[in-house]
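The values are calculated or read from the model by the stated rules, or taken from the named source; none is laboratory data. None of the values given here were measured: they were computed from a predicted structure. No Cβ is skipped: glycine too gets one built from the backbone with ideal geometry, and neighbour counts run over all protein chains shown.
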Amino acid sequence: MRVASRRRGLDLARRFDPLPRNKVLATLGGRSSVRAPALAVLVLLFAGCLQPDPEPVAAQASEPIVILDEARPDTSFGEIVTGPAVGPDLNATTAAPPRLVRGEWWRIEFSSGVYEGTDEVVRVVADVYENGYAFGMPHEGWFKEAISYHAPAFGDVDLALSYATHNELFEPVRFPLEEGATWETVFATSPYVATVESADETIAVIRFDTAGGAADPVTQLMTAAGAFPTDTGMRLTYDAQQHEVVKFESVIGMWEVVEHGYGFEGWVTVPRGEHTAIDYGTFGPASPGEPVVRRSLEVSGGFNRLTMMHLVLPITAGAYRLTSVPPVGDAFVTEVVGQPAFTLRFYEARDPDGTWQQEDLVGGVGATYSMGIAYHQYDIRLPDGARRTDHSHPVIR
């Protein structure tokens, strides 16, 4: 069955591939403003010229051909093995992790909060490895913003459905899922205690409560301004028959799986080896006469794409601006002048490795925040598993 999204749209790679992160995995392979309640995203997110690609060569059934970009001639990708064909795991329960298969897919709808303006995204299992999975999106449905949402997961996910956010492992579920079971985990640098509120053979509901500790400066600032709700927890629903978390509820918004199936056909874009490379904020009011803060930041790891998120959080009227100048391409600029307007925007950069010039203008009481998640983007064609190298997908600004 072929599915296409209606929208355009930690580094765990080392655990799943024998290549170090600085090897190009391709050879192995803004806009709307957020309403005040969605500002609590900070609790979760604040921590400390394209050439057309050649048409893919028809892949052999046993060993798909990898198409290499001329600018990246490294052929040390090793042998590609698709593995035996297996059917879907129709008897999965909450007692153990499900067995996912290539081409398995979920259609997810977003609603409310930071997700405002997001309709849906389709997640596809693009490949299966000994120690985990590579999740992606249909090539025509690439949605860069989803990389920054942290949930649902894209890129590398382990066999127990855990993955990294801000380079730390997040465990949305821990098997067996039994009522009353608890575990500690980290989501976007914030510690949580997970508790299984209810569980039967197929459905489990898990609550995530903040584990305490001193709030970061932005949280303190926004709480004092009355912008944060007091409840910053999350609640997830896992459905063993659908093999995944099917509902996510938190102060940053909600999403839900509305369709699940198998046998996706076509190109899937994957963001492997996600790494939070830029992660900082500036708090105001800035020092008198020095409202601009400049930084030079280095991104390294052989990455070919980066999703940048800009968040402007003004409390009082003033001038606020975030500028990110990537090593390649035009600058990304997010600006708020005059009356306060909480603004969240996303951008995408090509070839992010190198020196980034960052500039924050905080001309008033408020804050700015930048988060850049770098990754190795390439395409996998299903069902034959052929690869298409890094720049096959246009950058979406």
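Details
- Matching option when the condition is within 25 Å of His376 (Cα to Cα) and either surrounded by fewer than 18 Cβ atoms within 10 Å (Cβ to Cβ) or outside the structural domain of Gln242 (by TED's automatic domain parsing) (or both), among Glu145, Glu130, Glu104: Glu130
- Restricting attention to segment 332-347 and to residues that are of a type in the set (A, V, I, L, M) and within 22 Å of the chain's Cα centre (by Cα), the residue that is farthest from Gly281 (Cα to Cα) turns out to be Val333.
- Looking only at segment 259-277, and only at residues there that are among the hydrophobic types (A, V, I, L, M, F, W, C) and closer than 17 Å to Ala146 by Cα, the one that is nearest to the chain's Cα centre (by Cα): Val270
- Flag for Thr282 being modelled with pLDDT under 95, in the same structural domain as Ile380 (by TED's automatic domain parsing) and crowded, with 16+ Cβ neighbours inside 10 Å: no
- Options Thr185, Thr118; residue that is closer than 17 Å to Arg235 by Cβ, of a type in the set (Val, Ile, Thr), buried (at least 16 other Cβ atoms within 10 Å of the Cβ) and out of contact with any His (no Cβ under 8 Å at 6 or more places or on another chain): Thr185
- Verdict on Glu104 being charged (D, E, K, R) and more than 16 Å from Gln242 (Cα to Cα): no
- Residue within segment 176-194 that is assigned to a loop (DSSP other than H, G, I, E, B), in contact with a Phe, Trp or Tyr (Cβ under 9 Å, 6 or more places away or on another chain) and farther than 30 Å from Met309 by Cα present: yes
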